[in-house]
Amino acid sequence: MRNKWITITLIVLLIAVVILSAGIGAMKIPPAQVMAVLLNKLGIHLPVIYDEGVENVLLHIRLPRVVMAVLVGAGLAISGVAMQGLFRNPLADPALIGISSGASLSAVLVIVLISSLPALHIDNYLPRYYLLNVITFLGACATSLLVFRISRSGGKTMLVTLLLAGVALNALCRALTDLITTTANDEQLRNATFWSMGSLGGASWNVVLTLLPFVLAPILMLPGLAKSLNAFALGENEAAYLGINVKRLKTKIIILATLAVGASVAVAGIIGFVGLIVPHMVRSVSGNDHRSLLLNSTLLGASLLTLADVFSRTIIAPAELPIGIVTAVLGTPVFVMLLIKQKKQLRTVS
C-alpha cells in the first residue's frame, strides 16, 4: 500500500514538473495557460485566455524539450536500476562503467563519417537519427558486455574490477573520441563537443519521434522482468533453482538498458549520475523490490532531469549551461556519500 502511494505521488510530481517547466523561460507562461493549451489539444476547453504566440512557443519550443527531458530521464533511470540489478551492485551505473562513453564514441564516429563520406550522407532527418540511435546502441552494448565479462570472477561480480574496468573504458573511449575530433572540421567539432557535455538544446518533435521507440521499449519491457530481478538478487545459482533462465535474463537486461542509454546519448550526449542517484533515492523510501523500484525510478528520473534542464537553461540565461555539467555537479557529492556509506557497511560486517 505504501509503494502505491509513493507511485501516485511521483506521478503527480511529474505532471506538476512538466506543467511548471513548460512555462519557464524568456516568455513566462502561467501554469493555467499551459494546462489550457494542452487540454485544448485533447478537446477539453478551459475558460483561460491565451494568444497564438503563447500556443506556438509552448507547442513548438518548450513542449518538445520537456518531453525529451522526460524520456531521457526516464530511460537513464530505468537503465540504471536494470544495470544495478544485473551486477547486483548499487554502484553500477551506465555512465560510471563506460557504457555512455562507448555510446558517445559511436555517435561522434557516425557524425564525422556521415558528413565526411558522401556515400554515407543521408538527407532525410528521421533515417539519419535512427541510424545514429542504432549505432550508439551497438557501441553501448559492446562496452556493457565487455565490462560485464571483465568484472566476473568465480560466478560473482567483483566491485573493484567493475569500477576499474569502467574507468579504463571511459578513458579509452574519451581518447578515441578526442582522436576523432582532431580530424574534424569546425562544424563536426561543435557537434562532438555537444556529445561530451550533454544538452537538450537540440530538442524538436523530430528528435522526440526518433527517441521515443528506443526509450519506450525498455520502459515497457523492463518492469516485466521485475520478479526475475528479485530472484536474481539472491544469486545466479539461486535464481536458476527458482526456474529463471539466467543467461536469457542477462541478455534482455543488457539489450534493453543499453538501448535506452544509446538512444539518450544519441540525442542528448553524456548525462551522468541519473542512473546512479535516482535508484538510491527510490530505494530509501520504497525498498529493493524491483516491481516498484523500476516504475518509481522511471517517474523520479523523468522529473529530476526535467528540473535539471530548467536549471541549465535559466541559471545563466540567455546563455545555456550544459545539462551534463548540472547533473555532474549535483551527482558527484551524492556518489561520494554512497561510497562512504558502503565503506562503513563493510567495516560493520568485518
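When A319 is tested against (1) over 28 Å from L145 (Cβ atoms); (2) outside any helix (DSSP H, G or I); (3) touching a residue at least 24 places away in the same chain (Cβ under 8 Å), exactly one condition is not met: (3).
Residues in segment 213-241 that are more than 17 Å from A257 (Cβ to Cβ) and modelled with pLDDT of 95 or more: there are none.
How many residues, within segment 202-215, are in contact (Cβ under 8 Å) with a residue 60 or more places away in the chain and either under 16 Å from V81 (Cβ atoms) or surrounded by fewer than 16 Cβ atoms within 10 Å (Cβ to Cβ) (or both)?
To start, the set of residues in segment 202-215 that are in contact (Cβ under 8 Å) with a residue 60 or more places away in the chain comprises 202-212, 214-215.
So of that shortlist, the ones also either under 16 Å from V81 (Cβ atoms) or surrounded by fewer than 16 Cβ atoms within 10 Å (Cβ to Cβ) (or both) come out as 202, 204-206, 209, 212, 215.
Count: 7.
Checked against (1) within 28 Å of the chain's Cα centre (by Cα); (2) not in a helix (DSSP H, G or I), H45 passes all but condition (1). Scanning segment 212-243 for residues that are assigned to a loop (DSSP other than H, G, I, E, B) and within 15 Å of R291 (Cβ to Cβ) turns up just one, A233. Of the residues contained in segment 175-189, none is found to be of a type in the set (S, T, N, Q), closer than 30 Å to V67 by Cα and within 19 Å of the chain's Cα centre (by Cα). Within the option set K227, K247, being basic (K, R), in contact (Cβ under 8 Å) with a residue 60 or more places away in the chain and over 29 Å from D309 (Cα atoms) holds for one residue only, K227.
Report, by residue number, each residue of segment 8-51 that is among the hydroxyl-bearing types (S, T, Y) and free of Cβ contacts under 8 Å to residues at least 12 places away in the same chain.
The initial filter retains those residues of segment 8-51 that are among the hydroxyl-bearing types (S, T, Y), namely 9, 21, 50.
Across segment 8-51, the qualifying residue is only T9.
L96 falls short on exactly one of the conditions (1) under 30 Å from A239 (Cα atoms); (2) touching a His at 6+ places or on another chain (Cβ under 8 Å), and that condition is (2). Among residues belonging to segment 32-60 that are touching a Phe, Trp or Tyr at 6+ places or on another chain (Cβ under 8 Å) and hydrophobic (A, V, I, L, M, F, W, C), point out the one that is farthest from N206 (Cα to Cα). Per the stated criteria, the residue is A36.
Name the single residue that is farthest from I270 (Cα to Cα) among those in segment 171-188 being assigned to a helix (DSSP H, G or I) and of a type in the set (S, T, Y). This residue is T182.
Looking at L96, is it surrounded by 20 or more Cβ atoms within 10 Å (Cβ to Cβ), more than 26 Å from L293 (Cα to Cα), of a type in the set (A, V, I, L, M, F, W, C) and within 17 Å of the chain's Cα centre (by Cα)?
Numbers: surrounded by 20 or more Cβ atoms within 10 Å (Cβ to Cβ): yes; more than 26 Å from L293 (Cα to Cα): no; of a type in the set (A, V, I, L, M, F, W, C): yes; within 17 Å of the chain's Cα centre (by Cα): yes.
Here the answer is no, as L96 does not meet what is asked.
Would you point out the residue of segment 25-40, among those that are of a type outside the set (A, V, I, L, M, F, W, C) and surrounded by 10 or more Cβ atoms within 10 Å (Cβ to Cβ), that is farthest from R313 (Cα to Cα)? Among them, the one singled out is N40. In segment 166-184, the residue that is modelled with the highest pLDDT out of those that are over 25 Å from L276 (Cβ atoms) and touching a helix residue (DSSP H, G or I) at 6+ places or on another chain (Cβ under 8 Å) is I180.
Within segment 136-163, the set of residues being among the hydrophobic types (A, V, I, L, M, F, W, C) and modelled with pLDDT under 75 comprises M158, L159, V160, L162, L163.
Determine whether segment 71-86 contains at least one residue that is within 27 Å of the chain's Cα centre (by Cα), surrounded by fewer than 24 Cβ atoms within 10 Å (Cβ to Cβ) and within 30 Å of R174 (Cβ to Cβ). Yes, because at least one residue in segment 71-86 is within 27 Å of the chain's Cα centre (by Cα), surrounded by fewer than 24 Cβ atoms within 10 Å (Cβ to Cβ) and within 30 Å of R174 (Cβ to Cβ).
The values are calculated or read from the model by the stated rules, or taken from the named source; none is laboratory data. Just so we're clear, the structure is a prediction, and the values are computed from it rather than from any experiment. Every residue, glycine among them, receives a Cβ derived from its backbone with ideal geometry; neighbour counts consider all protein chains shown.
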